[in-house]
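Reviewing the structure listed below.
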Amino acid sequence: MGASSGPRRLSGMQKQALALYRGFLRAARSKPAEERRQIESVVSSEFRKNSKQVDRKNFIYIEYLLRRGNKQLDQLKSPDTVGLSSLSVDSSQTIGSSS
């Protein structure tokens, strides 16, 4: 069997990350058009940046990002919240990161 024998099975963390991403996009739909575009832009750039910069074996940091993302998503779902900002965290300073 070759690598193209079918779709790859996703790990639990990958499924969580995709669910979180979809959750952000769904929550953005409930906001006004201008805020929705800004939210979608921030979410897309944060996920893209983390997919490139975070070591896939740094499970502690990935779990942290998932927890932080879920907290941000809960805040975004609030009717009082109209926007989202990005937060920079230096992954090289976290426990368990490989140099």
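Nothing in this text is a laboratory measurement; each read-out follows from the coordinates by a stated rule. Quantities reported herein were computed from a predicted structural model and do not represent experimental measurements. No Cβ is skipped: glycine too gets one built from the backbone with ideal geometry, and neighbour counts run over all protein chains shown.
Some observations on this one:
- Straight-distance crosslink candidates among lysines, where the alpha carbon sits under 27 Å from Lys57 and sequence neighbours closer than 8 are dropped: Lys15, Lys49, Lys71
- Nearest-0.05 FRET efficiency for Ser11 and Ser45, computed from C-beta distance (R0 30 Å): 0.80
- Annotation for Asp74 and Gln53: the two label points, set 7 Å from Cα along the Cα-Cβ direction, are 2.5 nm apart.
- One way to sum up the overall shape of region 12-79 is the equivalent ellipsoid from its Cα gyration tensor, whose semi-axes run 23, 13, 9 Å, largest first.
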